[in-house]
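Remarks on the structure that follows.
The values are calculated or read from the model by the stated rules, or taken from the named source; none is laboratory data. These numbers come from a predicted model, not from an experiment. Every residue, glycine among them, receives a Cβ derived from its backbone with ideal geometry; neighbour counts consider all protein chains shown. With ligands, DNA and RNA removed, areas are computed over all heavy atoms of the protein, side chains included. Shrake-Rupley method; radii C 1.70, N 1.55, O 1.52, S 1.80 Å.
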Amino acid sequence: MLGQLNDKQQQAVNHIDGALLVLAGAGSGKTKVVTERISNLLRIGVPASEILAVTFTNKAAQEMKSRIQKQSNYFVLTCTFHSLGARILRESISYLGFHQDFTIYDEEDVLKLLKECFKLLNLKEDKASIKAVRYKISEAKANLILPEKYTEDEEVKDVYNLYEQRLKSCNALDFDDLLFKTVLLLREFPEVLQTYQRRWRFILVDEYQDTNTSQYVLMRLLSHRHGNLFAVGDPDQSIYSWRGANINNILNFEEDFENTQVVRLEQNYRSTEHILSAANSLIAHNESRYEKKLWSSLGEGEKVAIEILENEKQESSFVVERILQHLSQGYSLNEIVIFYRTNAQSRNFEDLLLKENLPYTIVGGMSFYQRREIKDILAYLKCACFEADIVSFARAVNLPKRGLGPSFVTKMIDYAQGKGIPVLRACRQIIQNQIPQEVKISPKQRKALEEFMMVIDEIKELAQVRAPLKEILKSGIVGSNYLSFLKLDEESYVERKENLDELVSKSVEWEMEALEPSLNLFLEELSLKSSLDETKGVQESLKLMTLHNGKGLEFDVCFIVGMEEDVLPHINSKDDPSALEEERRLCYVGMTRAKKQLYMTASKYRFFWGNPKIMSISRFLNEIDKKHVQVSDSEGENFPENFEKLGSMVIHKDFGQGIIRKVYNTSLGETYDVYFSESKSMKSLVAKYAKLKMV
């Protein structure tokens, strides 16, 4: 078995005592190294009970466990961080004053308990505030901050303190406690710590770059006595800071553990050379990393194809055309993926895939037209078009909350159906005092209903005069105060707003193509799409997912779309060097998923809130070594090496400010097509004569 390992893998497997950091590049066989190292420990006589392997997901733990049992027929404790914490606490939590038969509260239980705490502290018990405090408490526990040490917000501190008291009185823990309380236990009771240090003399941690503060401290405590910590990870694939992962845990490993040895796994068994060299040249621009260069013995393969398209519609057409081409060459849909930075980007591709009848699966998310915020706004539009639509009425009337809850909805629907009239007509009768006494509503509810109907009537009026669809949609979004409602959940606000932005863009695109555009027909098409986009039961399907969801996966053919500034890298990283480096790592992760063919696409124009915006090509495309890419534009022309000037803002002494739309070579040398906003004209300028100044 050991003969199947390369030299570096063999070196890692043979390591016995002391700390070892295995820098495992993408596709370098790290799981094999971990399981072989455990098998080697068993072969030299280390008892299985003294070995502990920890990873992040149940799936990864189960895979590792089954491999070890298959190779050695021994049971080695292989678990997630949280299940390790639960195991320790089940044995020793009495030291913290809990009984061993504690219960673990799920998210619903936690929110109910927090609601009680809010009530006892006379705080406003709205859902958004409770969720916000829940997030703050979770963050504090991940960073090992006790209630009495919490200083960020006095109100949160009070809730946190009472919440902990209530948990203890219920003999309950929340999910964060499985790490938080375990670290407290081991820190406060040295005799307990020594028990577990003696029990597990050899500790292995997978995906070490993803550890947060509590996970890092737990591993340091358990390994401190013997120093036998075998950590496997790759700082170049650290993409989860928003979950609390701290890249410094792996970057500082040699400082934290004495006499650390470092082994670099650089041979990649997944991708061809051009793909790996392109990825290497990109990630080399990061400063927070260990130096390593992936290489492959699978041959040069195809160069990375970079395609610059006019707009996102052309982008999706290009991608689908290439997918059909690869299918005709014998590739399976299961081996093809479309990666994007944000979920909202899936919409254009979904539309075209549905049209081409190509089955697809949204991995780690849901279809664009099934997303909550999309269905919410469409419910407003449907109410305006179809006054008898009780489903849309029930969804929209109390969104945002107006005091028109389920009992009011039931009352109105029952009355309308009893009289044989549309439910919206019944609402108008209420406002005009034309409904009998048995259908009673409070003055507050009447006012709320008037506000709801004003939004519906404005949408209806705009639809009747055939106003642009984007104006109708904006009327629904703004009139209903829906964005303020979304802001109540800060964690998901940006993504949900991006999805609404994409819906507005969709309306502009649809209206430009429709023979007789109308709100009714637009809603009809979207209803058809939302019922067609279910591909359950189809064994073979194309995968669509965010780059974050691609970690750990691999595909023959990968498309990374939306390679523009403010998209990838995301606009939120613009002024933060560490966030920008994480965006670069995210792009690197996407690139290294590709086995045989990698496409990276960018659009010169992209719609935002229904308005076209001139985009700049992502700096990441410019950072890739040009020896490993083939770049072409929407007209099939190849770019010279300095295609990165595309999208740059420039100033000409006579024509004013413009933007470079095209770069190409002529007999006179490098030439630019520049669009000048003042004259609204395109001019072809030879670089050496034009003397353009970059803005």
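Brief remarks follow.
- FRET E, pair Asp575, Glu356, Förster distance 51 Å, beta-carbon r, rounded to 0.05: 0.80
- Segment Thr666-Asn6, extension gain: residue separation times 0.36 nm, minus the distance between their alpha carbons: 232.6 nm
- Segment 484-501 - phi-based ³J(HN,Hα) in whole Hz, Karplus 6.51/-1.76/1.60, Gly and Pro as x: 5, 4, 5, 5, 4, 10, 4, 4, 9, 4, 4, 5, 5, 5, 4, 5, 5, 4
- Over segment 161-289 - Rg/Rh using Cα atoms and the Kirkwood inverse-distance radius: 1.07
- Helix content alone sets the calculated 222 nm mean residue ellipticity of the chain: runs of n ≥ 4 DSSP H residues at -39500 (n - 2.57) each, divided across all residues, give -14000 deg cm²/dmol.
- Using θ = phi - 60° in the Karplus curve 6.51 cos²θ - 1.76 cosθ + 1.60, the 3J(HN,Hα) couplings for segment 408-420 round to 5, 4, 4, 4, 5, 5, 4, 5, 4, 5, x, 8, x Hz; x is entered for Gly and Pro.
- Surface composition of the chain: carbon plus sulfur atoms contribute 49% of the solvent-accessible area (1.4 Å probe, protein chains only, all chains present).
- Distance (nanometres) between label positions extended 7 Å along Cα→Cβ at Tyr269 and Val363: 1.9 nm
- Using C-alpha pairs under 8 Å with a sequence gap of at least 6, the mean separation divided by the residue count of the chain gives a relative contact order of 15 percent.
- For the set Lys124/Lys444; Lys136/Lys506; Lys112/Lys440; Lys157/Lys487; Lys626/Lys653, the pairs lying more than 26 angstrom apart at their alpha carbons are Lys136/Lys506; Lys112/Lys440; Lys626/Lys653.
- Nearest-10 value in Å² for the accessible area of Tyr689, using the 1.4 Å probe: 150 Å²
- Taking amide H as placed 1.01 Å from N in the peptide plane, the amide H of Lys662 sits under 5 Å from that of Asp673, each at least 5 places away or on another chain.
- Residues whose amide H lies under 5 Å from that of Gln630, counting only those 5 or more places away or on a different chain, are Val304, Ala305, Ile306; hydrogens are built 1.01 Å from N in the peptide plane.
- Estimated distance in nm for a label pair at Ser328 and Glu154, the labels positioned 7 Å out from Cα along Cα-to-Cβ: 7.1 nm
- Once the C-beta distance of Lys627 and Gln657 is scaled by a Förster radius of 41 Å, the resulting FRET efficiency is 0.75 to the nearest 0.05.
- Alpha-carbon centroids, segment 461-531 and segment 194-273: separation in whole Å: 47 Å
- Extension gain, Thr57 back to Glu525 (0.36 nm per residue minus Cα-Cα distance, nm): 164.5 nm
- Contact order for segment 144-260, expressed relative to its length and based on alpha carbon pairs under 8 Å spaced 6+ residues apart, stands at 22 percent.
- Panel values: the chain, Kirkwood radius from alpha carbon pairs, Stokes-Einstein at 20 °C and 1.002 mPa s, translational diffusion coefficient 74 µm²/s.
- Contact order relative to length of segment 46-156, as percent, for alpha carbon pairs under 8 angstrom and 6 or more apart: 16 percent
- Dipole magnitude of the chain, debye to nearest 20 (Cβ charges: Lys/Arg +1, Asp/Glu -1, about Cα centre): 820 debye
- The simple Förster model, with R0 at 25 Å and r as the Cβ-Cβ distance, assigns Ile421 and Met454 a FRET efficiency of 0.75.
- Hz values of 3J(HN,Hα) by residue in segment 560-573 - Karplus curve (6.51, -1.76, 1.60), Gly and Pro given as x: 10, 9, x, 7, 10, 4, 6, 10, 9, x, 5, 4, 5, 9
- Distance between modelled label sites at Gln69 and Gln100, nm, 7 Å Cα→Cβ extension: 2.5 nm
- Ordering Trp242, Trp200 by accessible surface, largest first, gives Trp242, Trp200; the 1.4 Å probe counts only protein heavy atoms, with every chain in place.
- Heavy atoms of the protein chains alone define the surface here; on that basis the chain has 45 Å² accessible area per residue at 1.4 Å probe size.
- Stretchable slack from Glu125 to Gln434, in nm (0.36 nm times residue separation minus alpha-carbon distance): 107.6 nm
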